[in-house]
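Colleague: My structure is below; once you've seen it, I'll send some questions.
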Amino acid sequence: MISPCSDSSLKSSGMDIIIKGGQELSVEDFEVTLDLDRKIFGNEIVTNQGMALKRFLKFKEGLIAAYTGNALMGFISFFGVAASVYERAVFEQEYIDDNLDESEVLPLEQGKTNNILILDLAVDESFRHHGISKQLHETLWDYLRQKHNQGYLIERVFCFAITAEGHQSMLFLGARAIWSKDEITLFELGKEVFMAT
């Protein structure tokens with residue numbers, strides 16, 4: 001899952017973007033994404049680094065990262081999750097983040113319905129407003145569309161927005177707000193979002 005970016009704003013600024021995902025990413029690459037997460041959201045964002053690593057190793061295809069040269073520009077992470085995770089999020093209005101247990105992360109199953117939790121999207125401040133977030137989302141949509149068309153039926157895609165920028169981004173993408181409280185909003189994205197070409 002490597003593709004050069006065609007974003008003209010990146011080309012005009014002299015930056016080339018390379019997208020890497022899944023098996024192309026090492027544990028060291030994952031650790032760098034955690035560093036970026038902490039840089040943007042604060043040190044308390046990752047309260048259980050061991051569990052974060054276990055989730056990554058169980059669902060490696062759920063990390064997509066954007067680089068220019070060796071510099072990490074941003075990343076998006078997502079997991080196939082048990083239906084109970086969606087139910088906790090919707091019906092118990094529970095914010096699912098670092099409390100997502102490894103046992104709740106599931107491989108996608110062909111011929112069955114699958115739930116996707118987008119856990120994180122982070123773009124380094126020095127690379128914002130260059131289309132990185134858009135490129136990461138489009139790469140994720142390509143992945144979900146391909147899986148769905150291969151019979152890994154994507155039933156639900158959901159995520160939490162914890163910043164004003166994240167909230168606006170989800171609305172722009174066509175996500176539907178399920179609930180909001182304590183500056184956290186749960187969004188669900190319909191199939192039309194990722195199935196559109």
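The values are calculated or read from the model by the stated rules, or taken from the named source; none is laboratory data. Here the structure is a predicted model, which is why all the values come from computation and not from measurement. FYI the Cβ positions are ideal-geometry reconstructions off the backbone, even for glycines, and counts take in every protein chain you see.
Colleague: State the number of residues belonging to the stretch 161-192 that are surrounded by 18 or more Cβ atoms within 10 Å (Cβ to Cβ) and of a type in the set (A, V, I, L, M, F, W, C).
Modeller: 6
To keep it simple, each residue is scored yes or no on (1) on the phi > 0 side of the Ramachandran plot; (2) of a type outside the set (Gly, Ala, Ser); (3) in contact with a Leu (Cβ under 6 Å, 6 or more places away or on another chain); (4) without any contact (Cβ under 8 Å) to a residue 24 or more places away in the chain.
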position: Ala52; (1), (2), (3), (4): no, no, no, no
position: Phe59; (1), (2), (3), (4): no, yes, no, no
position: Leu63; (1), (2), (3), (4): no, yes, yes, no
position: Asn70; (1), (2), (3), (4): no, yes, no, yes
position: Phe79; (1), (2), (3), (4): no, yes, yes, no
position: Ala83; (1), (2), (3), (4): no, no, no, no
position: Val90; (1), (2), (3), (4): no, yes, no, no
position: Tyr95; (1), (2), (3), (4): no, yes, no, no
position: Asp98; (1), (2), (3), (4): no, yes, no, no
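Colleague: Here is a list of conditions, (1) without any contact (Cβ under 8 Å) to a residue 60 or more places away in the chain; (2) in contact with a Ser or Thr (Cβ under 8 Å, 6 or more places away or on another chain); (3) aromatic (Phe, Trp, Tyr), and Phe160 meets all of them except one; can you say which number that is?
Modeller: If we test Phe160 against (1) without any contact (Cβ under 8 Å) to a residue 60 or more places away in the chain; (2) in contact with a Ser or Thr (Cβ under 8 Å, 6 or more places away or on another chain); (3) aromatic (Phe, Trp, Tyr), just (1) comes out false.
Colleague: Right, here's the next one. Identify, from the list Tyr95, Tyr67, Tyr143, the residue that is aromatic (Phe, Trp, Tyr) and either more than 16 Å from the chain's Cα centre (by Cα) or part of a loop (DSSP other than H, G, I, E, B) (or both).
Modeller: Matching residue, one of Tyr95, Tyr67, Tyr143: Tyr95.
Each row is one residue, and each column tells you yes or no for (1) farther than 18 Å from Val85 by Cβ; (2) surrounded by fewer than 19 Cβ atoms within 10 Å (Cβ to Cβ).
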site	(1), (2)
Asp97	no, yes
Val105	no, no
Gln110	yes, yes
Thr113	no, yes
Ile116	no, no
Ala122	yes, no
Glu125	yes, yes
His130	yes, no
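Colleague: Out of all the residues in the stretch 100-111, is one or more assigned to a strand (DSSP E or B), modelled with pLDDT under 95 and either more than 18 Å from Gln23 (Cα to Cα) or more than 16 Å from the chain's Cα centre (by Cα) (or both)?
Modeller: no
Colleague: Select from the stretch 100-121 the residues that are in contact with a helix residue (DSSP H, G or I) (Cβ under 8 Å, 6 or more places away or on another chain) and without any contact (Cβ under 8 Å) to a residue 40 or more places away in the chain and list them in ascending order.
Modeller: Within the stretch 100-121, just Glu104 meets the criteria.
Colleague: Moving to a separate point now. Please determine, by comparing only the residues of the stretch 176-197 that are out of contact with any helix residue (DSSP H, G or I) (no Cβ under 7 Å at 6 or more places or on another chain) and within 16 Å of Leu136 (Cα to Cα), which one is modelled with the highest pLDDT.
Modeller: Applying the filter and picking the extreme gives Ala196.
Colleague: Same structure, new question: Only one residue in Lys20, Lys39 is of a type in the set (Lys, Arg) and part of a strand (DSSP E or B), so which one is that?
Modeller: Going through Lys20, Lys39 in turn, the sole match is Lys20.
Colleague: Could you list all residues from the stretch 158-174 that are within 15 Å of Leu121 (Cα to Cα) and outside any helix (DSSP H, G or I)?
Modeller: Passing the criteria: Phe158, Cys159, Phe160, Ala161, Ile162, Thr163.
Colleague: Still on this structure, please answer the following. Go through Glu155, Glu138, Glu61 for me and flag whichever is modelled with pLDDT under 95, closer than 19 Å to Glu31 by Cβ and not in a loop (DSSP other than H, G, I, E, B).
Modeller: Glu61
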